[in-house]
Amino acid sequence: MASQQLLLGGGKPVKTYVDDLFKTHLYKGTNSSTTVNVGLDMAKGGLVWVKSRGTTTANHNLWDTERGADKRLRTNGSNAENTGASQAFTSTGFTLAGTATDNNDVNVHYVSHNFRKVKHFFEIVKFTGNGTSGRQIAHGLGSVPGMIIIKNRDTSDQWIVGHGDITATNPWNSFIQLNSTAGSVTDTRFANTAPTATHFTVGGSDAENKNGSNLVAYLFGNGQAAFGENGDQVAIKTGSYSGIGGRKVIDLGFEAGYVMVKQVSEGGHSWYCADQTRGMHWIRDTNLGDSENLRWENSGSVINNGYIIANNAGFEISGHPEVGKNGARYIFLAIALPTGKNGRPPETGADLFAMDVASGSSTPPTFDSTFFVSAAFHKQHQGGDNWRGWGRNMNGYYHTLNTNSSMNHASNFVWDSNTGWGKNQGSNDMSWMFKKGVSFDICSYVGTGSGQGPTRPHSLGKAPHMMWFKRSDSADWICGHHWAGWGWATELSGTDRFDISAQTGYFVNGATAYRGIGMSDNRMNQFEKSYTAWLFASVDGISKAGAWSGTGSQFTVDFGFQPRFIIVRGSNATACNNNGGNWDVYDSYRGFNAIGSTSYRISLNTSSGQTGVSDHLGVTSSGITVGTNGRHNTNGGYYVYWAHA
């Protein structure tokens, strides 16, 4: 077992998940004493990096547990450390003083990037300079750092950055300034010596080792497989790539939730920082607008562009010269998004799935959850209205679930929240919300137009049991289900049985990759078209995909948990010819009760509102009762489902 899985006195391993290492958190300034709960125990050690958003000009603010919460640095200048801010670290985040400038001005929106001090991920080292080049300084990262940032706290010397990929050869004989747009410089700031798992080496200049000065170094891990349930997942990676003048995928082996990119081969290019909380939009052939990027060296407003893009294999960059100039060299730092492969296992279904009716709030969120929402369904459940399927990185664009139409945009479909989404929705608007994890994943890909197309990575950590595919423009939804057989498919917007194709391997549903095989009409693999894949899996005690055969008589189905949500659909002709071809949804929020009492059914494939029924499906403490109504229980009918606690 990897070294991060330390043993307690009783022999039980202490597991560290990506959720425990890093969080992006959004908050609004109050100009009064404020507690910011980011979901990390920052009192155990770490760094908080705060920057205003939008058009506001303000300094970057960095404070850490080693220097003290009252001491701040800023990366947009070479200023010495500032002392005096009354702030503190807590077991859930940090506090802000009412007079804290640059991070708590009233009604200003901020983003905080929060790094926990954990082996193989992130380390903070304080030291006193001695002016001697070649000095070795001990660190506790536990592995070789991929990037090191050094600042002299007492002087106005520049920030010094070393990176293992600044140059193709001898990278630690070069450095780059964090507070500048300049390219890399050949110099002995790291004494031409690569760091080790126990020490890093500094030169003799004032910026990195002035005699008698107090300095701080931030060390970032690189590629150590030490995290997740089995201690075999990578949480952070540094590296480099060459621009090609167009979009390019940087394969990390995990989906990035936070990315920094800097061109080093020439000057004049910013340090760009993006994260999935603010949005890294990925739809290719629709004019989606821009993602929000910070610039580490700049106090100005954020840059709204599509430079850094989410990708299930890592991240993607555009061809813009800032991040993708043909032939230019770029360095990066990437941190994994918590997913089913590397994230903390859910304790209950509520950790991954939530439902809510809109509050009417004009600021996000109007639909509340207790988690970071990755995707959602939306519908006016009491009246006629289309279903909408939305993903965080779709920038307000959505698929209509009950039609085959092109994507559309809704200005109220905003993601700007840590725990929910949307604004300006009414009391008839309802949302079913999903978090990327072991039971659900939403993926994007671009068609290759070549045969079956490649298998593509997902982050469930197990094989999906139901998959939906949709092209961004007008095209059929293609849906498959494990219990209907992966050689068959149907449409989300229709009621036909699973019979579109008998092609063997129509879907591939591996534990780490999936594939929808391209067809002659290009519904799943048209060249340069964007696609979204919705993946649903079974997890003991949390979710379950399965099937039953209709008998006409009442019977029970055991899930091992009480479901709050279920989708059920007939898969053969017998079932579909008796209204079973609808994608029917029951949930506890609207009313899902025992057989004989009224439950409310609503169908994904129609715009109709909900209908009260008492003899269709009923909830039990460990599953469901299938009633005698032929919609879900025609003798000889076959029905597939996916349920969530």
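Here's the yes/no breakdown for (1) charged (D, E, K, R); (2) open to solvent by 50 Å² or more (accessible area, probe 1.4 Å); (3) in a strand (DSSP E or B):
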| residue | (1), (2), (3) |
| --- | --- |
| Leu535 | no, no, yes |
| Ala547 | no, no, yes |
| Ser553 | no, yes, no |
| Val557 | no, no, yes |
| Gly560 | no, yes, no |
| Pro563 | no, no, no |
| Arg569 | yes, no, yes |
| Cys576 | no, no, no |
For this session: Filter the range 589-619 down to the residues that are in a strand (DSSP E or B) and open to solvent by 40 Å² or more (accessible area, probe 1.4 Å), then identify the one that is nearest to Met430 (Cα to Cα).
Result: Tyr600
Problem set entry | Unmet requirement for Lys470, which otherwise passes all of (1) within 22 Å of Thr400 (Cα to Cα); (2) at pLDDT below 90; (3) not small (Gly, Ala, Ser) | (2)
Exercise. Conditions: (1) open to solvent by 30 Å² or more (accessible area, probe 1.4 Å); (2) under 16 Å from the mean Cα position of the chain (by Cα); (3) modelled with pLDDT of 95 or more. Glu347 meets all but one. Number of the miss?
Worked result: (2)
For this session: Check Asn192 against each of (1) closer than 23 Å to Lys262 by Cβ; (2) modelled with pLDDT of 95 or more; (3) surrounded by 18 or more Cβ atoms within 10 Å (Cβ to Cβ) and name the one condition it does not meet.
Result: (3)
Seminar exercise, completed: How many residues of the range 304-327 are open to solvent by 20 Å² or more (accessible area, probe 1.4 Å), more than 19 Å from Glu266 (Cβ to Cβ), modelled with pLDDT of 60 or more and outside any loop (DSSP other than H, G, I, E, B)? The answer is 1
Seminar exercise, completed: Residue hits (the range 372-386; assigned to a loop (DSSP other than H, G, I, E, B) and under 21 Å from Pro346 (Cα atoms)) are Phe372, Val373, Ser374
For this session: Hey, could you check the range 128-167 for residues that are free of Cβ contacts under 8 Å to residues at least 60 places away in the same chain and small (Gly, Ala, Ser) and say which is nearest to Asn211 (Cα to Cα)?
Result: Gly162
For this session: Search the range 159-189 for residues being farther than 15 Å from Ile149 by Cβ and among the polar types (S, T, N, Q), and hand back the single one that is surrounded by the fewest Cβ atoms within 10 Å (Cβ to Cβ).
Result: Thr169
For this session: Could you tell me whether Ser431 is among the small types (Gly, Ala, Ser) and at pLDDT 95 or above?
Result: yes
For this session: Please work out which residue is farthest from Phe89 (Cα to Cα), limiting yourself to the range 21-43 and to residues that are of a type in the set (A, V, I, L, M) and open to solvent by less than 30 Å² (accessible area, probe 1.4 Å).
Result: Leu26
Exercise. Out of all the residues in the range 178-194, which are out of contact with any helix residue (DSSP H, G or I) (no Cβ under 7 Å at 6 or more places or on another chain) and either in contact (Cβ under 8 Å) with a residue 24 or more places away in the chain or among the charged types (D, E, K, R) (or both)?
Worked result: Leu178, Asn179, Ser180, Thr181, Ala182, Gly183, Ser184, Asp187, Ala191
For this session: Check whether at least one residue in the range 400-410 is free of Cβ contacts under 8 Å to residues at least 60 places away in the same chain, of a type in the set (A, V, I, L, M) and over 30 Å from Phe254 (Cβ atoms), and report yes or no.
Result: yes
For this session: Determine which single condition His199 fails, assuming it passes every other condition in (1) open to solvent by 10 Å² or more (accessible area, probe 1.4 Å); (2) under 19 Å from the mean Cα position of the chain (by Cα); (3) farther than 14 Å from Ala334 by Cα.
Result: (2)
Exercise. Condition test on Gly29, is it within 21 Å of Phe372 (Cα to Cα), of a type in the set (Gly, Ala, Ser) and modelled with pLDDT of 85 or more?
Worked result: yes
Exercise. Can you pull out the residues in the range 414-433 that are surrounded by fewer than 22 Cβ atoms within 10 Å (Cβ to Cβ) and within 27 Å of Phe315 (Cα to Cα)?
Worked result: Val414, Asp416, Ser417, Asn418, Thr419
Exercise. Just a yes or no: is a residue in the range 206-224 under 19 Å from Ile166 (Cβ atoms), among the charged types (D, E, K, R), in contact (Cβ under 8 Å) with a residue 40 or more places away in the chain and buried (at least 17 other Cβ atoms within 10 Å of the Cβ)?
Worked result: yes
For this session: Could you tell me whether Asp584 is open to solvent by 50 Å² or more (accessible area, probe 1.4 Å) and in contact (Cβ under 8 Å) with a residue 12 or more places away in the chain?
Result: no
Problem set entry | Pick from the range 392-411, criterion assigned to a loop (DSSP other than H, G, I, E, B) and within 21 Å of the chain's Cα centre (by Cα), ranking: surrounded by the fewest Cβ atoms within 10 Å (Cβ to Cβ) | Gly396
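The values are calculated or read from the model by the stated rules, or taken from the named source; none is laboratory data. As the structure is a computational prediction, the values presented were derived from the model and not from experiment. Cβ coordinates were reconstructed from backbone atoms using ideal geometry, including for glycine residues, and neighbour counts include every protein chain displayed. Surface areas here come from the heavy atoms of the whole protein model, side chains and all, with no ligands, DNA or RNA. Shrake-Rupley method; radii C 1.70, N 1.55, O 1.52, S 1.80 Å.
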